[in-house]
Amino acid sequence: MVDHRVALTEVLLAATFVGCSKSHGHAAGAGRTAAAPNLSATLEDQSVTAQGRPRWSTYWKLCWDYAPDAVGYELQTITSEGTSPELRQQGDACFRLQVASGTSRGARRTVEREQQLAWQSANLAYRVRARFPETAGAWSPVVPAGLKHEAAVSSPP
Amino acid sequence: MRNFQCRGALRVSCASVLALTLVSGCSDDEGLAVEPTCSPTGANFPVCPGETEDDRSFVDPTVEVVNAEDISLARKVYVGPFARLLAEASAGIEIGEESNLQDNVTVQARAPRDAQGSAAVAALGLGENDGVEVAERVILAHGSTVKGPAKIGIGGGDITPDPDADQEVFLSFGSEVDGAILQRNTGVSALGRVGPGVTLHSGFIVLPGKNVTTQAEADDPALGKVRLLTEADVAFNEAVIEVNTAFAREYPRLHDQNPSAVRGISPDPGGTGFNAERNLPVLGGVATEAPDFRNRIIGEVALANTLAELEGLMGNRVAIRADEGEPFTIGTITSMGSDVIFHALEETPIQIGNDVTYGNRVIIHGGGRQPLEGGGSDEPTIIEDGVVLRDQAVVFRSLIGSGSTIGVKSAMVNTDVAPGTTIPDRTIYVNNALFGAVEW
């Protein structure tokens with residue numbers, strides 16, 4: 001049957017983030033900002049009542065250090081079906097995305113939330129880079145959507 | 001504009017929509033703002049023309065097309081290897097702009113079903129000759145099936161997570177829609193199913209492996225079959241469409257340069273942002289181009305077996321498609337069934353050992369494996385020696401240890417399986433955790 005390697009718990013799933021070691025750094029702008037943005041990802045839970053029914057959502061918030069002289073940031077979407085050739089333009093140094101949603105309560109809500117986070121993190125991820133007037137910075141590591149990610153020690157600008 | 005005209009069974013619907021000035025599949029000669037379409041007949045196969053080179057559609061030459069004149073494709077549609085478009089003279093198939101049908105997808109305009117199923121479909125307002133209507137920006141992923149009559153991406157409306165005027169519908173690996181309606185902004189997760197007579201309303205997605213057979217199950221997440229669509233789902237869908245419209249653009253270019261290059265064993269198209277170079281498969285150590293081979297082997301694939309050996313080891317309609325992720329290294333094959341699919345994401349190779357057994361409709365998909373133990377990311381998908389993959393098994397961004405068996409219609413998603421493990425039939429693991437059962 002299933003062995004130890006597939007018997008991990010949801011706790012491990014939620015608490016463990018494996019850093020993405022591979023950087024897809026581009027030569028362009030490498031001298032300007034060799035360090036990738038210092039990424040952190042958090043989860044925020046929110047409950048609202050919509051049309052008389054309670055509804056909860058979990059948002060995944062990816063933030064990074066401001067890059068001096070950057071005119072904005074670019075995010076690339078990486079999915080289980082392919083990497084988007086389109087880049088999302090972002091003015092701020094944070095990106096917020098709803099990654100789970102439902103109407104359940106109590107323990108069921110917890111299960112549904114964890115399952116949705118697991119599924120999204122297996123299927124959707126982002127990387128980010130700073131955009132300068134003439135060039136672009138290096139790509140950050142890839143961060144799966146729906147997983148927390150602790151920021152590393154800040155890189156020098 | 002040439003080759004755009006009303007077609008076969010769709011003429012009736014053309015007449016109807018003309019009256020509503022919502023025109024689908026009709027000629028520009030009608031004098032209305034139309035969405036140009038073409039049927040994959042004659043000169044339109046495998047490339048359906050567009051107004052420019054960048055908005056053509058592509059139907060892989062291996063696609064089984066029945067009653068082509070009753071099939072309409074809008075612009076920027078990609079239809080992958082060994083898909084099946086099975087129209088009838090009285091029941092057509094329409095595919096909307098920027099939609100894609102990936103490897104081994106089946107769209108059957110009119111599927112047989114029992115009396116109960118037929119009654120359920122009729123109660124939904126679908127006539128047996130209504131065929132299959134697939135709207136714009138619909139993704140039919142590897143091995144998914146649509147059994148008509150059915151509508152995908154039709155009706156419903158915008159949803160809070162996707163307020164834009166556009167819409168997307170995603171049918172994931174091995175999923176099925178059978179005599180049902182999927183409204184705009186919906187989805188079916190891997191190995192999920194929507195059965196006859198059900199409408200999946202905007203904003204809902206079927207959970208992996210779940211079989212939705214009643215309207216109550218489709219409408220109430222508390223019954224455990226569906227969940228609410230999120231912004232993450234929308235972002236995912238939009239990105240997948242961007243990837244596949246690139247295929248619709250690049251494969252016609254490859255065909256322009258060399259028509260035989262999109263047949264049999266051939267180079268990948270290259271030219272995309274995620275795979276710039278063209279590479280030729282290597283079989284038994286020999287770079288091989290064989291446009292007449294019955295299966296599709298595309299791009300940077302290294303197979304241990306020779307072409308002569310593969311003739312006897314492989315089933316039919318096998319697609320080994322290294323047009324995005326590469327390289328694929330595939331050891332000796334013990335046996336391989338039909339409708340097997342290999343695909344991978346950008347910069348994510350697939351490594352498969354020796355003496356591996358592949359059942360029918362197996363899907364192996366690479367893409368940034370992230371082991372939860374031991375670190376690393378963008379790790380290759382690995383299947384070690386002596387693994388048995390039973391029919392309809394899905395291995396996605398995973399490591400399957402030597403001598404393991406993955407059961408029938410089971411899916412391993414970003415999961416490491418130790419050597420000698422047996423995964424039961426109809427079981428889904430995600431991120432090393434049991435996700436649930438496949439109900440059908």
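The values are calculated or read from the model by the stated rules, or taken from the named source; none is laboratory data. The model shown is predicted, which means the values in this text are computed figures rather than measured ones. All Cβ positions, glycine included, derive from the backbone under ideal geometry; neighbour counts span all protein chains shown.
Is it the case that the stretch B:226-244 has a residue that's closer than 18 Å to residue B:300 by Cα and within 14 Å of chain A (Cβ to nearest Cβ)?
Step one: filter the stretch B:226-244 for residues closer than 18 Å to residue B:300 by Cα, giving none.
So far as the stretch B:226-244 goes, no, none of its residues is closer than 18 Å to residue B:300 by Cα and within 14 Å of chain A (Cβ to nearest Cβ).
Taking the stated definitions as given, is residue A:150 out of contact with any Asp or Glu (no Cβ under 9 Å at 6 or more places or on another chain), at pLDDT 90 or above and farther than 27 Å from residue B:344 by Cα?
Numbers: out of contact with any Asp or Glu (no Cβ under 9 Å at 6 or more places or on another chain): yes; at pLDDT 90 or above: no; farther than 27 Å from residue B:344 by Cα: yes.
Considered against the rule, which asks whether it is out of contact with any Asp or Glu (no Cβ under 9 Å at 6 or more places or on another chain), at pLDDT 90 or above and farther than 27 Å from residue B:344 by Cα, residue A:150 comes out as no.
In the stretch B:428-440, which residues are at pLDDT 95 or above and surrounded by fewer than 22 Cβ atoms within 10 Å (Cβ to Cβ)?
B:437, B:439, B:440
Residues are listed down the side, and each one gets a yes or a no for (1) of a type in the set (Val, Ile, Thr); (2) in contact with a Phe, Trp or Tyr (Cβ under 9 Å, 6 or more places away or on another chain); (3) under 30 Å from residue B:342 (Cα atoms):
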residue: A:54; (1), (2), (3): no, no, no
residue: A:64; (1), (2), (3): no, yes, no
residue: A:83; (1), (2), (3): yes, yes, yes
residue: A:86; (1), (2), (3): no, no, yes
residue: A:110; (1), (2), (3): yes, no, no
residue: A:134; (1), (2), (3): no, no, no
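Need a quick list: strands (runs of 3 or more DSSP E) entirely within the stretch B:36-92 having at least 1 residues that are of a type in the set (Ser, Thr, Tyr).
Values: elements: B:57-59, B:64-66, B:71-73, B:84-86.
The qualifying strands (runs of 3 or more DSSP E) are B:57-59, B:71-73.
Kindly indicate the residue of the stretch B:408-423 that is closer than 22 Å to residue B:206 by Cα and either within 7 Å of chain A (Cβ to nearest Cβ) or assigned to a loop (DSSP other than H, G, I, E, B) (or both) and also modelled with the lowest pLDDT among those meeting that condition. Can you show your working first?
To start, the set of residues in the stretch B:408-423 that are closer than 22 Å to residue B:206 by Cα comprises B:408-415.
Right, trim to either within 7 Å of chain A (Cβ to nearest Cβ) or assigned to a loop (DSSP other than H, G, I, E, B) (or both) and you get B:408-410, B:413-415.
Working: B:408: 98, B:409: 97, B:410: 97, B:413: 90, B:414: 87, B:415: 92.
Step by step, filter the stretch B:408-423, then rank; the result is B:414.
Residue check, residue A:139 against (1) in a strand (DSSP E or B); (2) touching a residue at least 60 places away in the same chain (Cβ under 8 Å), all met but one. Which one?
The number of the failed condition is (1).
I'd like to verify a number: residues in the stretch B:260-291 that are within 15 Å of residue B:81 (Cα to Cα), surrounded by fewer than 18 Cβ atoms within 10 Å (Cβ to Cβ) and either within 14 Å of another protein chain (Cβ to nearest Cβ) or modelled with pLDDT of 80 or more (or both), how many? Reasoning before the result, please.
Step one: of the stretch B:260-291, the residues within 15 Å of residue B:81 (Cα to Cα) are B:260-269, B:291.
Still in the running and surrounded by fewer than 18 Cβ atoms within 10 Å (Cβ to Cβ): B:260, B:291.
Checking which are either within 14 Å of another protein chain (Cβ to nearest Cβ) or modelled with pLDDT of 80 or more (or both) leaves us with B:291.
Looking only at that region, the number is 1.
Quick test of your reading of the structure: residue B:190 fulfils all but one of (1) within 19 Å of residue A:80 (Cβ to Cβ); (2) out of contact with any Ser or Thr (no Cβ under 6 Å at 6 or more places or on another chain); (3) not polar (S, T, N, Q). Name the failing condition by number.
Only one criterion is unmet by residue B:190, namely (2).
Let me confirm something: among B:155, B:203, B:195, which residue is more than 9 Å from chain A (Cβ to nearest Cβ) and touching a Lys or Arg at 6+ places or on another chain (Cβ under 8 Å)?
Working: B:203 fails: touching a Lys or Arg at 6+ places or on another chain (Cβ under 8 Å); B:195 fails: touching a Lys or Arg at 6+ places or on another chain (Cβ under 8 Å).
Within the list B:155, B:203, B:195, the selection yields B:155.
Has the stretch A:37-56 got at least one residue that is crowded, with 18+ Cβ neighbours inside 10 Å, within 12 Å of chain B (Cβ to nearest Cβ) and over 30 Å from residue B:322 (Cα atoms)?
If we filter the stretch A:37-56 for residues that are crowded, with 18+ Cβ neighbours inside 10 Å, which is where we start, we get A:37, A:39, A:41, A:56.
Now narrow it down to the ones that are within 12 Å of chain B (Cβ to nearest Cβ): A:56.
Next, only the ones that are over 30 Å from residue B:322 (Cα atoms) stay: A:56.
Within the stretch A:37-56, one or more residues are crowded, with 18+ Cβ neighbours inside 10 Å, within 12 Å of chain B (Cβ to nearest Cβ) and over 30 Å from residue B:322 (Cα atoms).
For every residue, the table says whether it meets (1) at the interface with chain B (Cβ under 7 Å from one of its Cβ atoms); (2) of a type in the set (Lys, Arg).
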residue	(1), (2)
A:72	no, no
A:76	no, no
A:85	yes, no
A:94	no, no
A:98	yes, no
A:114	no, no
A:127	no, yes
A:137	no, no
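How many residues are surrounded by fewer than 24 Cβ atoms within 10 Å (Cβ to Cβ) and closer than 17 Å to residue B:83 by Cβ if we restrict to the stretch B:134-163?
1
Would you call residue A:85 free of Cβ contacts under 8 Å to residues at least 12 places away in the same chain and surrounded by fewer than 19 Cβ atoms within 10 Å (Cβ to Cβ)?
On the way: free of Cβ contacts under 8 Å to residues at least 12 places away in the same chain: yes; surrounded by fewer than 19 Cβ atoms within 10 Å (Cβ to Cβ): yes.
It is true that residue A:85 is free of Cβ contacts under 8 Å to residues at least 12 places away in the same chain and surrounded by fewer than 19 Cβ atoms within 10 Å (Cβ to Cβ).
Consider residue A:63 carefully, then state whether it is surrounded by fewer than 18 Cβ atoms within 10 Å (Cβ to Cβ), over 30 Å from residue B:174 (Cα atoms), in contact (Cβ under 8 Å) with a residue 24 or more places away in the chain and not aromatic (Phe, Trp, Tyr). Working first, answer last.
Numbers: surrounded by fewer than 18 Cβ atoms within 10 Å (Cβ to Cβ): no; over 30 Å from residue B:174 (Cα atoms): yes; in contact (Cβ under 8 Å) with a residue 24 or more places away in the chain: yes; not aromatic (Phe, Trp, Tyr): yes.
When the stated conditions are applied, residue A:63 does not pass them.
For the structure I just gave you, tell me whether residue A:22 is within 14 Å of residue A:127 (Cα to Cα), out of contact with any Leu (no Cβ under 7 Å at 6 or more places or on another chain) and at pLDDT 85 or above. Spell out the reasoning first.
Working: within 14 Å of residue A:127 (Cα to Cα): yes; out of contact with any Leu (no Cβ under 7 Å at 6 or more places or on another chain): yes; at pLDDT 85 or above: no.
No: the conditions fail for residue A:22.
Can residue B:250 be described as within 14 Å of chain A (Cβ to nearest Cβ), more than 24 Å from residue A:111 (Cβ to Cβ) and free of Cβ contacts under 8 Å to residues at least 24 places away in the same chain?
Values: within 14 Å of chain A (Cβ to nearest Cβ): yes; more than 24 Å from residue A:111 (Cβ to Cβ): yes; free of Cβ contacts under 8 Å to residues at least 24 places away in the same chain: yes.
Answer is yes for this residue.
Evaluate the following for residue B:193: is it in contact (Cβ under 8 Å) with a residue 24 or more places away in the chain, among the basic types (Lys, Arg), under 28 Å from residue A:116 (Cβ atoms) and in contact with a Phe, Trp or Tyr (Cβ under 8 Å, 6 or more places away or on another chain)? First the steps, then the outcome.
Details: in contact (Cβ under 8 Å) with a residue 24 or more places away in the chain: yes; among the basic types (Lys, Arg): yes; under 28 Å from residue A:116 (Cβ atoms): yes; in contact with a Phe, Trp or Tyr (Cβ under 8 Å, 6 or more places away or on another chain): yes.
Judged against the criteria, residue B:193 is a match.
Here are A:84, A:101, A:121: which of them is assigned to a strand (DSSP E or B) and under 25 Å from residue B:434 (Cα atoms)? Reasoning before the result, please.
Working: A:84 fails: under 25 Å from residue B:434 (Cα atoms); A:121 fails: assigned to a strand (DSSP E or B).
The match here is A:101.
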